[in-house]
Each structure stands twice: as C-alpha cells, then as structure tokens.
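Structure first, commentary second.
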Amino acid sequence: MERNLDLRYVVIGAGMSGILAAIRLREAGYRNVTLLEKAQTVGGTWRENRYPGLNCDVPAHAYTYSFAPNAEWSSYLAPGHEIQDYFERVTADYSLRDIAHFGQEVESCVYADGVWRIATKAGMACEADIVITATGVLHHPRMPDIDGLGDFAGTIAHSARWDETTPLDGRRIGVVGNGSTGVQLVSALGGRAGKLSHFQRSPQWIMPVLNEPYDEEQRDAFRRDPALIDAIRYDPQYLANVLRFTEGIIKPDSEEMQIIEAMVLGYLEQGVIDPVLREKLRPDYRAACKRLIFSPDYYQVVQQHDVDIVVGGIDRIEPEGIRTRDGVLHELDLIILATGFHSDRFIRPAVVTGRRGVALDDVWRKHATAYNAISLPDFPNFLFLNGPTGPVGNFSLIDVAERQWGYVEQLLDKVATGECDEISVSADAMTRYEEARIAAAKGTIFASGCSSWYLGKDGVPMTWPWSYGRFAEVMAQPDFDDFEMVKAEVTA
Ligand code: NAP
C-alpha cells in the first residue's frame, strides 16, 4: 500500500538511536524529518563522556550499526573517541546535518488536534505527526550528596563533564565511585597520577576481558573482506556469552549465573594477591546485581603501590581533599566524581503532554515505563527508542535499538498507509504489560539485593525482565491487538 511520505517526523536526540531513526526514516523516503539535539553535535553519551580511559566494554564490531560496519576500530574494545568519530562519520555519510538542529533542547511537547507541537529552550517551534523520542538514558550527571562539594580548593569535575585539558601527570587524584566509569578512570590514571585514591562505597564484581589491538594488517583485511567483521560481530563465543548473561539475569539460580559467579570470584581470588586488599574488593551481593564491570586491568592497577582503595565512607570534602569517616584527610589536587547519572529522566525535564492534557510526569510519577519500551497510552504517535523498560546489561544497545526500530517501523506503517491517524498502546495492554513486567523484574538478579541505577525509586528494576530471545521475538512482530488505532478527526 502506498505510504504518505509527507508525514512530519521529529526525532528528539541525535545519539546512537536518534541517528538510527533519522537514517531509517529518510531511507524509507519520508521527506519531512527533523532531528533535534540539545548539544552542538551528534553522539549522545559518547559526546558527553570524554574522561581518560573511556571505552566501550562491548566488542567494537558488535557496537556498530549492522548497515555501517567499521573496519577502522583500533582494538577489540573501542576507545570512546573512536566511537564518537564513528557516529560523526555515519552522520556525514547519511547527510543528517541537513535535517539536524543543534543547540535545540526540547522544552515541551504537547499533543492537541492530532498534532504534536514541540518547543525548544532556544525558541524553535515545530509540529510533528509523529515523534520519535531517542533521548538516551545516561546523560543527566548525578552529583553525589557529599558535604563540602563546593569547598574544594583544587579541581573537581563529574566524569561526564570532563575537561580534556585538565593536567593529570604526577597529581594527587581522587576518583569517587567505582561503576564502569570509575573503574575505567582508575585503570587509565594508575601510573600517571602521582598518587591515586579510589573511593569505593560498595565493591564491584569484575569480569576479566582481553582487549587486543587490531594492527594495520588486520584493518586492511577488514576493509577488503567484510565477512571478517561479521565473524567478530556474530562470533558464536561472544553470542553465547551474551545469551548466558541475559539468561543469568532473569534466572538468578541458573547454571548460566553460576558460571558468571565462578568467573568473577575466580578472578578476585587469583587476581588480587594481598588478602587485605582482596577483602576490600569483595562484594557482599551477587554478581551482575549491579551492571557487571568488564576490565582487562583494574585489579592489576589497584595493586600498584601508588594506588589506594579507600573504603569506610566519605565524611566530607574540604579545601585540601576528602575526609573519610575515620577522620583521615586524603589530600588531593583533583577529584573526579564518577557518581553516575539520573537514569530515570529519559526525555524529562521536557514537559510532555498527551491526549486530554495527560502529563508524562504524572504517568511516570512512580517510575518511568512504556509498553515494550516503545509506547504509552494517551501519547499517540509518540514512540521511544532505548526508552524505559528496555533490555539493559553487558550487550550492544545498538542491536537493541535496531530491533526496536523494526517494531516502530511497523507501527508507523499503520499511520503512513492511512490505516489510522494515531497509534498508541491501549490502556489495558499497558496495564497487563506493566503488571507482568514488575512481577518478572522482581525475580531478576538486579533485584537480588544491591543498589544500582537499574532500580526505580520503588526498588523494582526498570528493565526488560525476560529473555533476549523473547525481546527479539516481540520486536519482530507487534501484537496490533494491544494497540489503539484511531482514525481521528479531533481527539484532544
Ligand atoms: P554508576 O554505575 O551508577 O556508578 C556510580 C558510582 O558512584 C557507584 O560506585 C556508586 O556507589 C558511587 N556513588 C554514587 N554516589 C556516591 C556518594 N555519594 N558517595 C560515594 N560514592 C557514590 O555510574 P557509571 O560508572 O558512570 O556507569 C553508569 C553506566 O554507564 C554503566 O552502568 C554503563 O551502563 C554505562 N557505562 C558503560 C561503559 C562501557 O564501557 N560500555 C563505560 C562507562 C559507563 P554505590 O555502588 O555504592 O552506589
């Protein structure tokens, strides 16, 4: 059936999933696609994060769009700046700058009379028939609630607000937080800092990983033979690990999770020689309860004489450094706050108002959610990529977004072909989804007794709680019985 190619699309966010949406919409022939981005360029989390040691712990060849393989990665796990360059290049290859508007943070998005009206803080206004919300998850830095943050006389910065000109060599550096970010920072700064102190509130399980560089000969081979890239992307060993991991998440007592536990425990026992340090690094919760940390060298680095793991809690920050609860003042020149992100905001603080004035903030008062991570009742033609309750873990979010796009595209077709003017999940289906999701989420490893950014305010994981196979199946074919499709005159 013929599609209306004049539908007006607004894609919010020019990170990994927004770029994907914009490319796919233009490839489908839509003439009216606008890409709004709050920052001055594309890249999302890879633009925001530029801290020393940043890399992606998902194999580089698996962390690329399936339609844009990249022979140029310098190593098995790519450094952050290469990933940023990759997104810039893809943006250029698909001429997305023609439709992108930078410095345009969306302030409000209001639905009335069958139209979404979008306003940005910088004063831009536009209308859309369909909004694709691709705002990402980890982009509102979370400052820790530590007394005296403003009193420090040296340099203090959140890891996602890193100034690349900050001097590092020979300085006394404190890193607060030991999620993936803090661990990567410490790995990179060990040996460069004069003295490095890693302030650890809760220990982390570490999964060892090899990060081999690709040499020019290998890259040349990738250029000449894309099958070599596919062999890495679809490496059965890697895919088996992903499957094991995703099965383990949803079945905490499974053999898969026991294998993961044995791997991280073995690494701690054998990788850390000093028994006192080993006990400092031993978590008291289950592996993968927090996002697993993959590191080729963290344990090696923290065993160097100029690196300290500081436990026992931070009392406050003073002009000279960080005072811990045992009364010790750790004198520092630089403090890096690797304290994570407000992961429940998604498109907020933008004010989003759906049918009959329903406010997104009210719908998400308890926690952010969306049916199959894609759609909400009362928000017609408003679809998420990498939205709330999608799969999260140690696997490629690009694969997640591409599968989600396959689903979104089928919803859009209903509108584009004129079968309906508005599509959104029905209230009933949303309720069923959320009840089943919460019940399943409570049984996942994420709910097994630790704090993490996966948990909502109510302590329930905000994640996809079923297998990756089920996610792939659900994304392959929407159940249209769960959707309300309206041929609308005026519905506001
Ligand atoms: P995070 O995992 O949320 O970790 C925040 C850290 O800060 C935790 O260790 C936390 O301690 C600590 N913290 C927070 N407030 C504190 C306070 N007041 N005092 C002391 N410590 C405090 O954040 P992240 O490391 O930035 O990582 C976030 C996510 O980004 C990752 O899970 C991952 O999804 C993504 N990421 C991915 C990569 C990659 O290679 N693919 C790299 C970096 C980040 P507690 O554990 O005790 O709460």
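Looking at Gly136, Gly154, Gly148, which is the one that is within 16 Å of the ligand (Cβ to nearest atom) and touching a Lys or Arg at 6+ places or on another chain (Cβ under 9 Å)?
On the way: Gly136 fails: touching a Lys or Arg at 6+ places or on another chain (Cβ under 9 Å); Gly154 fails: within 16 Å of the ligand (Cβ to nearest atom).
The match here is Gly148.
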Considering only residues of segment 396-437 that are surrounded by fewer than 19 Cβ atoms within 10 Å (Cβ to Cβ) and touching a Pro at 6+ places or on another chain (Cβ under 7 Å), which is farthest from Gly29 (Cα to Cα)? Ala427
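When you go through Asp428, Asp458, Asp413, Asp399 one by one, which is the residue that is more than 16 Å from the ligand (Cβ to nearest atom), under 22 Å from the mean Cα position of the chain (by Cα) and acidic (Asp, Glu)? Walk me through how you get there before you give the answer.
On the way: Asp428 fails: under 22 Å from the mean Cα position of the chain (by Cα); Asp413 fails: under 22 Å from the mean Cα position of the chain (by Cα); Asp399 fails: more than 16 Å from the ligand (Cβ to nearest atom).
Being more than 16 Å from the ligand (Cβ to nearest atom), under 22 Å from the mean Cα position of the chain (by Cα) and acidic (Asp, Glu) holds for just one of Asp428, Asp458, Asp413, Asp399, which is Asp458.
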Do we find that Pro391 is crowded, with 22+ Cβ neighbours inside 10 Å, touching a residue at least 60 places away in the same chain (Cβ under 8 Å) and within 16 Å of the ligand (Cβ to nearest atom) in this structure? yes
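So how many residues does segment 336-347 have that are under 16 Å from Pro52 (Cα atoms) and either assigned to a strand (DSSP E or B) or more than 13 Å from the ligand (Cβ to nearest atom) (or both)?
Start the filter on segment 336-347 by keeping residues that are under 16 Å from Pro52 (Cα atoms), which leaves 336-340.
Right, trim to either assigned to a strand (DSSP E or B) or more than 13 Å from the ligand (Cβ to nearest atom) (or both) and you get 336-337.
Result for segment 336-347: 2.
Could you name every one of the helices (runs of 4 or more DSSP H) located completely within segment 190-304 that has at least 3 residues being surrounded by fewer than 16 Cβ atoms within 10 Å (Cβ to Cβ)? Before you say what the answer is, go through the steps one by one.
On the way: elements: 216-224, 226-233, 236-250, 255-271, 275-280, 298-302.
Those helices (runs of 4 or more DSSP H) span 216-224, 226-233, 236-250, 255-271, 275-280.
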Residue check: is Leu77 in contact with a strand residue (DSSP E or B) (Cβ under 6 Å, 6 or more places away or on another chain), at pLDDT 95 or above and closer than 25 Å to Gly177 by Cβ? yes
Those residues of segment 446-455 which are within 14 Å of the ligand (Cβ to nearest atom) and either surrounded by 14 or more Cβ atoms within 10 Å (Cβ to Cβ) or of a type in the set (Ser, Thr, Tyr) (or both) amount to Phe446, Cys450, Ser451, Ser452, Trp453, Tyr454, Leu455
From (1) closer than 28 Å to Pro69 by Cβ; (2) within 16 Å of the ligand (Cβ to nearest atom); (3) in contact with a Leu (Cβ under 9 Å, 6 or more places away or on another chain); (4) polar (S, T, N, Q), pick out the condition that doesn't hold for Gln404. (2)
Any chance Arg286 is among the basic types (Lys, Arg) and over 23 Å from the mean Cα position of the chain (by Cα): no
Which number in (1) closer than 27 Å to Val137 by Cα; (2) away from the ligand (no atom under 16 Å from the Cβ); (3) surrounded by 13 or more Cβ atoms within 10 Å (Cβ to Cβ) marks the one condition that Gly357 misses? (3)
Quick check, is Asn49 in contact with a helix residue (DSSP H, G or I) (Cβ under 6 Å, 6 or more places away or on another chain) and either more than 14 Å from the ligand (Cβ to nearest atom) or not assigned by TED's automatic domain parsing to the domain that holds Phe395 (or both)? no
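Has segment 66-83 got any residue that is of a type in the set (D, E, K, R) and within 14 Å of the ligand (Cβ to nearest atom)? Can you show your working first?
Residues of segment 66-83 that are of a type in the set (D, E, K, R), as a first pass: 72, 82.
Remaining after also requiring within 14 Å of the ligand (Cβ to nearest atom): 82.
There is at least one residue in segment 66-83 that is of a type in the set (D, E, K, R) and within 14 Å of the ligand (Cβ to nearest atom).
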Do we have any residue at all in segment 312-335 that's charged (D, E, K, R), crowded, with 19+ Cβ neighbours inside 10 Å and assigned to a loop (DSSP other than H, G, I, E, B)? yes
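When you go through Ala92, Ala14, Ala22 one by one, which is the residue that is among the aliphatic types (A, V, I, L, M), over 20 Å from Ser396 (Cα atoms) and at pLDDT 95 or above? Even if it seems obvious, please write down each step before you answer.
On the way: Ala14 fails: over 20 Å from Ser396 (Cα atoms); Ala22 fails: over 20 Å from Ser396 (Cα atoms).
Being among the aliphatic types (A, V, I, L, M), over 20 Å from Ser396 (Cα atoms) and at pLDDT 95 or above holds for just one of Ala92, Ala14, Ala22, which is Ala92.
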Only one of these conditions is not met by Val131: (1) at pLDDT below 95; (2) under 25 Å from the mean Cα position of the chain (by Cα). Which number is it? (1)
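Identify, from the list Ile19, Ile12, the residue that is closer than 11 Å to Arg97 by Cα and crowded, with 18+ Cβ neighbours inside 10 Å. Talk me through it step by step, then tell me what you get.
Working: Ile12 fails: closer than 11 Å to Arg97 by Cα.
Going through Ile19, Ile12 in turn, just one is closer than 11 Å to Arg97 by Cα and crowded, with 18+ Cβ neighbours inside 10 Å: Ile19.
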Note down all Cβ pairs under 7 Å where the first residue falls in segment 456-479 and is farther than 18 Å from Pro388 by Cβ, the second is among the hydroxyl-bearing types (Ser, Thr, Tyr) and modelled with pLDDT under 95, and they're at least six residues apart or on different chains. Ser467/Thr246
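Kindly evaluate Ile173 against the criterion of being of a type in the set (A, V, I, L, M), over 25 Å from the mean Cα position of the chain (by Cα) and crowded, with 22+ Cβ neighbours inside 10 Å. Spell out how you get there, then give the answer.
Working: of a type in the set (A, V, I, L, M): yes; over 25 Å from the mean Cα position of the chain (by Cα): yes; crowded, with 22+ Cβ neighbours inside 10 Å: yes.
It is true that Ile173 is of a type in the set (A, V, I, L, M), over 25 Å from the mean Cα position of the chain (by Cα) and crowded, with 22+ Cβ neighbours inside 10 Å.
The values are calculated or read from the model by the stated rules, or taken from the named source; none is laboratory data. For clarity, every value in this text was computed on a predicted model and none was experimentally measured. Here the Cβ is made from the backbone with ideal geometry for all residues, glycine too, and neighbour counts use every protein chain on show.
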